[in-house]
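Remarks on the structure that follows.
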Amino acid sequence: MRSLFLMDDEAGLLTIKDKILYILLVIFLLTFYPGHIPAVNNIALALFSIYCFFFYSSFREKFYLLRKRKEVVAMALFYLLHIVSAYFSKDQKEGFSWVVVRMPLFVFPVSLGLIYIKQALKERIIWVFSIITTLTLLICTIWSVYHTIAKQDVTLLYNDNLTILTDKQSIYIALLVNLAVFGLGYLLAIRSRVISNKWLVYGSLFILLVANFLLASRIAIITLYGSILCAAVWYAIQRKKFRLLGLVVAGMVATAVILVSLFPKTLNRFRELKYTDYEYTHKGVESHFDMVITADQWNGANIRLAVWSCGWELVKQHPWLGVQLGDKLHRLVDVYAAKQFDFAYDSRRNMHNNYLDILVTFGITGFLLFFWGFLFEPLRQSIRTKDFFGILVIAAFMLSFIPENYFDRSMGNMMFAFFIAFIVSYREPVAKKN
């Protein structure tokens, strides 16, 4: 734990500038999870970003990095597209409100994305993020267990009930849990010196794995165990250790059996996938993890399929430039009304798909700018440099964008923009050979 407080021997590898950056980041992370203090977190974000932009490196270094990191240009242009789209929206007030919510998509790339973080600081940032995330989930779990016993209500262990202390939706916390697992796995794999006690890591992984299951996010569970399986297959092929692969698969099966036995309600989230048929005019109730799942209910699967169908109609009507930022929800609600999709109309459901939301809002032009700048190029560079942590993080976001619209939540924007900018920041700016 000494490494968390810069009291270990390895802290000597950090410069004064590195230590200040690290401290500001810790403050940002500590204010990120607790609920009801967004103003404090915004101040922490401002201090961190201002330090990165004005003090950590010179503007000459930033211009040099900007030439090497073309994706940062695309990220900035994508955010500027928000401002232009808001201006040309019929509902400008609505449009500019989204510009404010999505500001991290600009702030992090042009601050954190235009500095170079060396390996020693990179490992320490991954370490402190993973530990803070673990402690957050440990506190949430203890709180939920206490109230479960006090109220004799086992549902308080699951889903959004588990994250009630953070005042944040479980699906976003579930993704952060996955990223923390990836971070700890990466630090173990490279034998990082910031880890002085492996049992602390193993204990953290246990807490995170249990939390991942209790949060009951289908995409997070699939992503985590799919990533573990893919990593095991890759390692087995590289090192020809197929017996180890068998042990990993057997361990995953055993873990799944144990978790399902102890926490059976999570399985209801997967039972919903059997019922994907829908009728827009259907008046059924929405299913929940604590309900018996039946075909006459709206559930997480058929709701999304119905909403995506409505969103795709808007894409076909405005394929190249979209419907504009301030009008996207109004236009989507109009489609709901036309189809008598009262279930979505009454709740003003968003697109429930980040890719579709961008296509509807900005058209193919804006989508390509987003995809290249935020996903394709960072992923390509991570593959080129064999940055397996970066590959896993980007892949996790890409999968998470399928069932949810992260850009409609300030937390989603902050999470995504921070991690993509962080992955860009530690890529060494090596000049091309002639």
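Numbers at a glance
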{"item": "Segment Arg193-Ser410, length gained on full extension (0.36 nm per residue, minus Cα span)", "result": "74.7 nm"}
{"item": "Between segment 1-33 and segment 127-192, the alpha-carbon center distance in angstrom", "result": "22 Å"}
{"item": "Cα-based equivalent ellipsoid of segment 34-82: semi-axis lengths in Å, sorted from largest, via gyration tensor", "result": "26, 17, 7"}
{"item": "Relative contact order (%) - segment 329-434, alpha-carbon pairs under 8 angstrom, separation at least six", "result": "28 percent"}
{"item": "Modelled FRET efficiency - R0 22 Å, Lys151 with Glu286, Cβ distances, 0.05 increments", "result": "0.40"}
{"item": "At 0.692 mPa s and 37 °C, Stokes D of segment 1-98 from Kirkwood alpha-carbon radius, µm² per second", "result": "198 µm²/s"}
{"item": "Quarter of Cα convex hull surface for segment 203-311, i.e. mean projection, nm²", "result": "9.1 nm²"}
{"item": "Mean accessible surface per residue for the chain, computed with a 1.4 Å probe while every protein chain stays in place, in Å²", "result": "48 Å²"}
{"item": "Lys, Arg +1 and Asp, Glu -1 on Cβ, resulting dipole of the chain about Cα centre, debye, nearest 20", "result": "1780 debye"}
{"item": "Length-normalised contact order of the chain in % [C-alpha pairs under 8 Å, at least 6 apart]", "result": "22 percent"}
{"item": "Largest-first principal axis extents of the Cα set of segment 68-217 (Å)", "result": "54, 43, 17"}
{"item": "Heavy-atom accessible surface of the chain: percent carbon and sulfur, 1.4 Å", "result": "67 percent"}
{"item": "Span-rule helices in the chain, defined as complete DSSP H runs reaching 20 Å or more along the axis (Cα) with Kyte mean at least 0.0", "result": "16-32, 70-87, 119-151, 170-189, 198-214, 218-239, 242-262, 300-317, 410-425"}
{"item": "Cβ-based charge dipole, the chain, positive-most Cα from Trp234, Ile420, Phe370", "result": "Trp234"}
{"item": "Set Lys328/Lys386; Lys68/Lys118; Lys122/Lys241 screened for pairs whose C-alpha atoms are more than 27 Å apart", "result": "Lys328/Lys386; Lys122/Lys241"}
{"item": "Residues Asp167 and Thr385, FRET efficiency given R0 of 25 Å [Cβ-Cβ distance, rounded to 0.05]", "result": "0.10"}
{"item": "Listed residues Ile394, Leu314, Ala344: farthest to the positive end of the dipole of segment 307-395 (Cβ charges)", "result": "Ile394"}
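The values are calculated or read from the model by the stated rules, or taken from the named source; none is laboratory data. Quantities reported herein were computed from a predicted structural model and do not represent experimental measurements. All Cβ positions, even for glycine, are placed from backbone atoms using ideal geometry, and neighbour counts span all protein chains on display. These area figures cover heavy atoms from the full protein model, side chains too; ligands, DNA and RNA do not enter into them. Shrake-Rupley method; radii C 1.70, N 1.55, O 1.52, S 1.80 Å.
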